[in-house]
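Presented below is the structure to which this report refers.
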Amino acid sequence: MAREPAAAAEPAAPRSTRNGAHFAFTDRWGGVSAVPYDRLNLGGAVGDSPEAVRENRRIAAAGLGLDPADVVWMRQVHGTTALVVDAPWGERPVPEADAVVTARRGLPLAVLTADCVPVLLADPVAGVAAAAHAGRPGMAAGVVPEAVAAMVRLGARPARIVARTGPAVCGRCYEVPGELRDEVAAVEPAAHAVTRWGTPALDVVAGVHAQLERLGVRDRSASEVCTRESADHFSYRREGTTGRLAGYVWLD
C-alpha cells in the first residue's frame, strides 16, 4: 500500500492476478491507528483500538475493491487446523485456525502476520483458494500441507495451484537458539539458516517453499521484503508491541 499521505486515503495494496486468482499484501501505511500500531494495523488482538482496526480493515478492503464484511479472518494460534468456509463469519465468533480454504468464488480470505509467512494459494480452474499462517511452529507442524490437502479434497490439483508468500522475516534475521534450529531443521532441512552475523537462524520462507515443492506446487513466488529490515512493515521481532499486516486471496 502506498505510504499514507492522509488518514482518509484509501490505498490499494500491491496486487497480482493469475488466471482470475487475486493476491494482495499490505504494508503498514494508509490507516488510522496511533503509535505503536501506526498506521494500517489489521490485527484485532494486539491491543489497538477496535474502532481503528475496523476502519483499517474497511480502508484495506476498499483499496482492493472488496466489501470488508465479506472478508474471512481467522483466530490464529500457530497450529495446523485448516477450516473450509463458504461464507463470512458474520456475527459468529471467529474460530481458531491457521488456514482457511474455500470453493466459493469471490469470497476473500485473509491472514495476519508480523514476521510469520503469509501463504496465499489458489487453483483458478477448480475455483479453490486458501490462506495460511506459517510461523515457525506452524511451518514445522505442517500447516501448509494441511491447507493444500484441504484444497485437494475440494477438487484442486497441486500442479494447478498458484502460491504466493508475502513479506516475512528472512533467514538472515531470524536468530534462534542452536537447539531450536536443529529441531526445526530435522523436520524441514530447507529452514536451516545462519544470520548475517553468523549465529543460528531459521528461514521459514524457504521451509514453506520446500514443502510446496514436495507437494507438487510449481507456480510459486515469494516477496523479497524482510519485515524485520523494512520500516514499511510491522515486525514483532523488531518492535514487540506492533500491528499486523494482512494477505488477501480471492477468485473471480
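Restricting to Cα pairs below 8 Å that are 6+ residues apart, what does the relative contact order work out to for the chain? Please round to a whole percent.
This gives 23 percent for the chain.
Let me know the volume per residue of the alpha-carbon convex hull for the stretch 169-232, in Å³.
74 Å³
Given N residues in the stretch 145-251, what is its alpha carbon radius of gyration divided by 2.2 N^0.38 Å? Present the calculation step by step, with values, prior to reporting the outcome.
On the way: Rg = 15.3 Å, N = 107, 2.2 N^0.38 = 13.0 Å.
The reported ratio for this selection is 1.18.
Given points 7 Å out from each Cα along the Cα-Cβ axis, report the ASP252 to ALA69 separation in nanometres with one decimal.
Each label point lies 7 Å from its Cα, and together they span 2.6 nm.
Using a 7 Å offset from the Cα along the Cα-to-Cβ direction at both ALA62 and GLU224, what is the distance between the two label points in nm, to one decimal?
3.2 nm
For the stretch 14-57 and the stretch 176-236, what is the separation of their Cα centres, given in Å?
23 Å
Output needed: Cys residues of the chain lacking any neighbouring Cys C-beta below 4.7 Å, sorted by number.
Lone cysteines by the Cβ rule: CYS116, CYS173.
Using only the Cα atoms of the stretch 87-219, what do you get for the radius of gyration and for Dmax, in Å?
So, for the stretch 87-219, Rg and Dmax equal 15.5, 49 Å respectively.
Give me the dipole magnitude in Debye, nearest 20, for the chain about the Cα centre, with unit charges on the beta carbon: positive for Lys and Arg, negative for Asp and Glu.
Magnitude of the dipole: close to 480 debye.
Sort 126-137, 226-237, 46-57, 102-113 for me by packing, meaning the mean count of neighbouring Cβ atoms within 10 Å per residue, highest on top. Intermediate values should be presented prior to the final figure.
Numbers: 126-137: 25.3, 226-237: 19.7, 46-57: 17.5, 102-113: 22.1.
Sorting 126-137, 226-237, 46-57, 102-113 by mean packing, highest first, produces 126-137, 102-113, 226-237, 46-57.
Round to the nearest 0.05 the FRET efficiency obtained for ARG15 and ASP182 when R0 = 35 Å and r is the Cβ-Cβ distance.
E(calc), rounded to 0.05, equals 0.35.
How large is ³J(HN,Hα), in whole Hz, for each residue of the stretch 199-211 in order, when computed from phi with the Karplus curve 6.51 cos²θ - 1.76 cosθ + 1.60 and θ = phi - 60°, using x for Gly and Pro?
Here the 3J(HN,Hα) series is 9, x, 8, 10, 10, 5, 4, 4, x, 4, 5, 5, 5 Hz.
Just so you know, all these numbers are worked out from the coordinates, no wet-lab data involved. Since we're looking at a predicted model, the values are computed, not measured. Quick reminder, even Gly has a Cβ in these numbers, built from the backbone with ideal geometry, and neighbours come from all protein chains shown.
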